[in-house]
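Notes to accompany the following structure.
The values are calculated or read from the model by the stated rules, or taken from the named source; none is laboratory data. On a predicted model such as this, the values are computed, not experimentally measured, just so you know. A quick note on method: Cβ atoms are made from the backbone with ideal geometry, for glycine too, and the neighbour counts reach across all protein chains shown. Quick note on the areas: whole protein, heavy atoms, side chains included, nothing else; ligands and nucleic acids left out. Shrake-Rupley method; radii C 1.70, N 1.55, O 1.52, S 1.80 Å.
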Amino acid sequence: MSGSPTAEWPLWEVFVRPGRGLSHVHAGSLHAADAEMALGNARDLYTRRGEGVSIWVVASTDIHASSPDEKDSLFDPAADKPYRHPTFYTASEGVPNL
Amino acid sequence: MHGDHAPATSAGPAGPAEPSASGQSSFDRVIAGDGRIEPRDEMPDDYRKSLIRQISQHAHSEIIGMQPEGNWITRAPSLHRKAILMAKVQDEAGHGLYLYSAAETLGASREDMMQALLAGKARYSSIFNYPTPTWADIGAIGWLVDGAAICNQVPLCRASYGPYARAMIRICKEESFHQRQGFEILLTLSRGTPAQHELAQEAVNRWYAPSLMMFGPPDADSPNSAKSMAWKIKRFSNDELRQRFVDMLVPQAQALGLTLPDPDLRWNAERGHYDFGELDWSEFKAVLAGQGQCNVQRVEHRRRAHTEGAWVREAAMAHAAKKAARQQQSARGAA
């Protein structure tokens with residue numbers, strides 16, 4: 001065999017929906033030759049005990065992530081906006097249904 | 001950057017060798033605050049290397065650990081026991097895969113880890129270099145070996161490295177089935193005919209000391225422990241965990257109607273713990289150094305399985321490439 005067939009199987013990220021009404025949650029990753037095999041492997045690896053009702057697999061190279069270096073510029077602006085939370089407003093305390 | 005996976009390089013861990021000053025201080029802050037380090041955070045090179053070593057050794061142990069039990073799948077005493085044993089061995093494979101994935105988030109490549117194991121360069125738990133001559137050994141492995149593993153692994157669910165801790169949570173949930181099924185095998189034998197009872201006792205005699213040695217050398221003799229505890233990867237010392245394990249075993253052995261092969265084992269009311277005899281660490285070192293009964297056999301078997309599976313891996317990749325090419329072609333045709 002020559003060329004790509006001998007290469008390592010690519011990496012896939014696995015997301016499992018634990019039950020109806022819930023979102024898919026990242027469960028882990030695995031190697032597989034293609035998406036179909038990744039789904040089969042994900043079923044064997046991450047749902048041996050009824051952990052899920054649906055699986056997504058995504059090629060790891062297709063995940064685009066924010067960088068930890070940008071953490072401050074991305075998430076700090078939210079820290080100084082307490083008025084986005086209902087607890088910021090106290091004038092309505094004691095008034096029913098508010 | 002792709003999620004939690006740094007592009008793997010065969011040269012070793014990806015990323016800068018040492019964190020910047022701000023990276024180091026944020027690492028120290030997270031560790032001090034008992035938080036979790038996540039894959040793309042800056043971390044000291046030693047921390048990364050130490051984790052890759054520990055996680056990959058742990059993964060190798062799970063993979064090699066399939067062999068002593070796999071040995072009995074075809075000869076399990078009933079279809080019921082056989083189904084259970086297959087599920088257990090499948091779990092061990094799964095545990096190995098969770099752990100390899102966790103190591104990959106640190107920049108280690110799966111291929112390199114696999115090659116190190118096949119070349120006999122990688123370490124795995126020396127317990128798996130002991131043979132399983134009787135069915136009772138399967139019970140003893142579940143009760144003692146998986147029991148020791150649980151003792152070791154429950155604190156690792158709080159390890160400071162996120163992906164490792166998450167893998168351990170999954171593994172610990174599954175291990176408790178392993179330990180209980182081992183206990184059940186031994187209890188059934190212990191309550192059976194005198195010959196069956198004897199079989200169970202002999203297996204416990206074989207596995208007791210090696211399982212105690214699974215916690216690693218005594219604290220005074222364990223060079224990596226202090227660092228690992230400062231980094232909050234490890235939460236308890238080898239000797240603390242070993243003591244905890246012995247304290248748990250004594251009442252369990254009584255429930256089994258079996259004895260633990262240690263004449264020095266007795267309750268110490270002053271300490272509130274069981275005292276137990278010295279372990280033969282020369283044996284531990286010899287097995288670790290490759291002189292165990294099955295070291296050669298285990299690695300050779302793994303190598304053979306890997307070689308015999310090569311055509312499957314290659315065929316799957318060829319099939320995937322062909323399918324992708326066909327899809328591309330039909331997309332072009334449709335355009």
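Ignoring ligands, DNA and RNA, how much accessible area is buried between chains A and B, both sides summed, with a 1.4 Å probe, to the nearest 100 Å²?
Interface between A and B: roughly 2400 Å².
With the Cα gyration tensor of region B:275-335 giving a ≥ b ≥ c as the square roots of its eigenvalues, does the rule (a/c under 1.5 for rounded; else a/b larger than b/c for prolate; else oblate) give rounded, prolate or oblate?
prolate
Count, for each residue of B:92-103, the Cβ atoms from other chains sitting within 10 Å of its Cβ, then give me the mean as a whole number.
3
Can you give me the % of accessible surface on region A:5-88 that is carbon or sulfur? Probe 1.4 Å, all protein chains present, nothing else counted.
Result for region A:5-88: 57 percent of the exposed heavy-atom area is carbon or sulfur.
From the helices alone, meaning DSSP H stretches of at least four residues, give me the mean residue ellipticity at 222 nm for chain A, per-run term -39500 (n - 2.57), in deg cm²/dmol to the nearest 500.
Here the helix-only value at 222 nm equals -5000 deg cm²/dmol.
What is the ratio of the Cα radius of gyration of region B:27-292 to 2.2 N^0.38 Å, with N the residue count, to two decimals?
1.02
Can you give the extra length, in nm with one decimal, that the chain gains between A:ASP72 and A:LEU39 once fully stretched, where that is 0.36 nm per residue apart less the Cα-Cα distance?
Computed gain between A:ASP72 and A:LEU39 is 8.3 nm.
Consider all pairwise Cα distances in the protein assembly as shown and report the whole-number % of them above 42 Å.
Result for the distance tail: 24 percent.
First compute the accessible area of chain B with a 1.4 Å probe, then give the percent of it belonging to carbon and sulfur atoms.
The value for chain B is 56 percent carbon and sulfur by accessible area.
Which of A:SER29, A:SER73, A:SER54 moves the most in a Gaussian network model of chain A with Cα springs under 10 Å?
Maximum among the listed residues: A:SER73.
Indicate the gyration tensor shape class of region B:175-232 (rounded, prolate or oblate), computed on the Cα atoms with a ≥ b ≥ c the square roots of the eigenvalues: a/c under 1.5 is rounded; otherwise a/b larger than b/c is prolate and the rest oblate.
Oblate, since a/c reaches 1.5 and b/c is not below a/b.
Please work out the average accessible area per residue across region B:27-292, using the 1.4 Å probe convention, and give it in Å².
Per-residue accessible area for region B:27-292 comes out at 41 Å².
For chain A, calculate the relative contact order in percent as a whole number, restricting contacts to Cα pairs under 8 Å that are 6 or more residues apart.
Dividing the mean separation by the residue count of chain A yields 25 percent.
Evaluate the Kirkwood expression for the hydrodynamic radius of region A:5-88, namely the inverse of the mean inverse distance over all pairs of different C-alpha atoms, and round to one decimal in Å.
With all distinct Cα pairs of region A:5-88 included, I get 15.4 Å.
Which three extents, in angstrom, do the Cα atoms of region B:193-291 have along their principal axes, listed largest first?
That works out to 50, 39, 22 Å along the principal axes.
For chain B, what relative contact order do you get, as a whole percent, if you take Cα pairs closer than 8 Å and at least 6 residues apart?
17 percent
Hey, can you list the residues from region B:30-45 whose accessible area shrinks by 50 Å² or more with all protein chains present, relative to the chain by itself (probe 1.4 Å, no ligands or nucleic acids)?
Relative to the lone chain, where solvent access is computed with a 1.4 Å probe, region B:30-45 loses at least 50 Å² at B:ARG40.
Accessible area per residue, 1.4 Å probe, Å², for region A:5-88: what's the number?
About 62 Å² of surface per residue is accessible.
Which of these, B:HIS273, B:HIS178, B:HIS319, has the largest mean-square fluctuation under a Gaussian network model of chain B (Cα springs below 10 Å)?
Highest fluctuation of the listed residues: B:HIS319.
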